[in-house]
Amino acid sequence: MDWTQYVSTRLVDVNEAAGLIKSGDRIVCGTGAGTPEPVLEAMVKKADALKNVEIVHMMSFGKGEYCFSEHEKSFRHNAMFAGGNSRLAIKEGRADFTPCFLKEYPALFRDGFLPVDVALVAVSLPDNQGNVSLGVAVDYSLQAALSAKKVIVEMSSLMPKTYGDTFLHVSQIDHFIRSDRPMVHVPPSPIGEVEKQIGANVAKLINDGDCLQLGFGKIPDAILNFLEDKNDLGIHSEMISDGVMNLVNKGIITCRKKNFQDRKSTRLNSSHSGES
């Protein structure tokens, strides 16, 4: 198979990609920087031509215009994580929230609880064998793509390749958008006195050699700021933040004392059980 020709014959622009979405479709989008936001924005501009499109995703850093009340008949958001751009719609009953363990989301798509019409994800450029990586957003996106009737990807030179169970071959993808759009950058939240006090108190409970799971936000960042007197901490988490990397660079997180995958900072892939 000449995968380069395969890709070239399936290249579309953002508006063409948005036009591939039909009324009644369920779209599963990648998380955060793994979402091709320009496609969603172009889709919203076509809102008058669409009805009952369900948009499923976790954290989104986009505008979330499909959650606006004026688009209620065209779109309904199904949130797997209630972010700032979806909370009001959920509160007012214009969007749904599906509570589920992160590790179980892939099963919703794989086992048909939430059949996927369109998977909309961001990926890296293909390697020499025609494989693209899901990059910084490897959670439920792989299974969403494998389960979808139609896969549309934003193929970016700025999406890094990450290794492990993160790859799709171009033959598993239906349409490609070529992009050099800058990656979404989330600046650190300012840490106030309350967060500092909480961080200092929690840090007292952490001992040398402990293995940590940390999310993101003011309080996790504050805790990390008070761990610089610790030794040989480990990480087994779904997220690796800037604060974690700071402790890695300072030799505080070494993972030498972990009893599972020692000497490795482990980022969970929710396609698997993720038990620690």
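The values are calculated or read from the model by the stated rules, or taken from the named source; none is laboratory data. Here the structure is a predicted model, which is why all the values come from computation and not from measurement. Here the Cβ is made from the backbone with ideal geometry for all residues, glycine too, and neighbour counts use every protein chain on show. Accessible surface areas use protein heavy atoms only, side chains included; no ligands, DNA or RNA. Shrake-Rupley method; radii C 1.70, N 1.55, O 1.52, S 1.80 Å.
Just the number please: accessible area per residue for region 1-50, 1.4 Å probe, all protein chains included, in Å².
Working: 2280 Å² over 50 residues.
Each residue of region 1-50 exposes 46 Å² on average to a 1.4 Å probe.
Counting only protein heavy atoms and using a 1.4 Å probe, what share of the accessible area of region 1-132 belongs to carbon plus sulfur, as a whole percent?
That share works out to 52 percent.
Consider a paramagnetic label point 7 Å from the Cα of residue 256 along Cα→Cβ; state which residues of region 222-237 have an amide N under 14 Å from it.
Answer for this model: 230-234.
By how many nm would the segment from residue 73 to residue 210 lengthen if fully extended, with 0.36 nm per residue of separation less the alpha-carbon distance?
44.3 nm
Projected onto the charge dipole of the chain (+1 at Lys/Arg Cβ, -1 at Asp/Glu Cβ, origin at the Cα centre), which of 131, 255, 6 gives the Cα projection farthest towards the positive end?
Going by the charge dipole, the pick is 255.
Could you sort the peptides 236-246, 30-40 by per-residue average Cβ neighbour count (10 Å cutoff), highest mean leading? Let's see the in-between values first.
On the way: 236-246: 17.1, 30-40: 24.0.
Most protected by this proxy first, the peptides run 30-40, 236-246.
How would you order 207-213, 174-180 from highest to lowest mean count of nearby Cβ atoms within 10 Å?
Per-residue Cβ counts within 10 Å, averaged per peptide and sorted highest first, yield 174-180, 207-213.
Return one whole number: the accessible area per residue of region 109-234 in Å², for a 1.4 Å probe.
Per-residue value: 48 Å².
So, in nm, how far is label residue 98 from label residue 128 when the simple model puts each one 7 Å beyond its Cα toward the Cβ?
4.0 nm
If R0 is 41 Å, what FRET efficiency do you get for residue 183 and residue 231 from their C-beta distance, rounded to 0.05?
0.75
Using 0.36 nm per residue of separation minus the Cα-Cα distance, give me the extension gain between residue 194 and residue 51 in nm, one decimal.
Difference between extended and current length: 46.9 nm.
Give the peptides 156-165, 16-25, 188-197 in descending order of average Cβ contacts within 10 Å, highest first. The partial results should precede the final answer.
Values: 156-165: 14.4, 16-25: 16.3, 188-197: 12.4.
For the peptides 156-165, 16-25, 188-197, the packing ranking is 16-25, 156-165, 188-197.
If you fit an axis through the alpha-carbon atoms of helix 193-203 and take the longest principal axis of the Cα set of the chain, what angle between them do you get, 0 to 90°, nearest 10?
Helix 193-203 and the main axis of the chain meet at about 70 degrees.
In the chain, with Lys and Arg counted as +1 and Asp and Glu as -1 at Cβ, which of these residues, 176, 49, 240, has the Cα nearest the positive end of the dipole, that is, farthest along it?
Comparing the listed Cα positions along the dipole, 240 ranks first.
Among all the lysines, which ones have a C-alpha under 23 Å from residue 22's C-alpha, if same-chain residues fewer than 8 places away are not counted?
Reachable lysines: 45, 46, 51, 63, 73, 149, 150.
What is the magnitude of the charge dipole of the chain about its Cα centre, with +1 placed on the Cβ of each Lys and Arg, -1 on the Cβ of each Asp and Glu, and no other charges, expressed in debye to the nearest 20?
Once rounded to the nearest 20, the dipole reads 140 debye.
Need the list of aspartates and glutamates near residue 196 for cross-linking: C-alpha distance under 18 angstrom, and skip anything on the same chain fewer than eight residues off.
In chain and number order, the partners are 221, 228, 229, 242.
If I take R0 = 22 Å and measure r between the Cβ atoms of residue 239 and residue 87 in this structure, what FRET efficiency does the formula 1/(1 + (r/R0)^6) give, to the nearest 0.05?
Given R0 = 22 Å and the Cβ-Cβ separation, E is 0.60.
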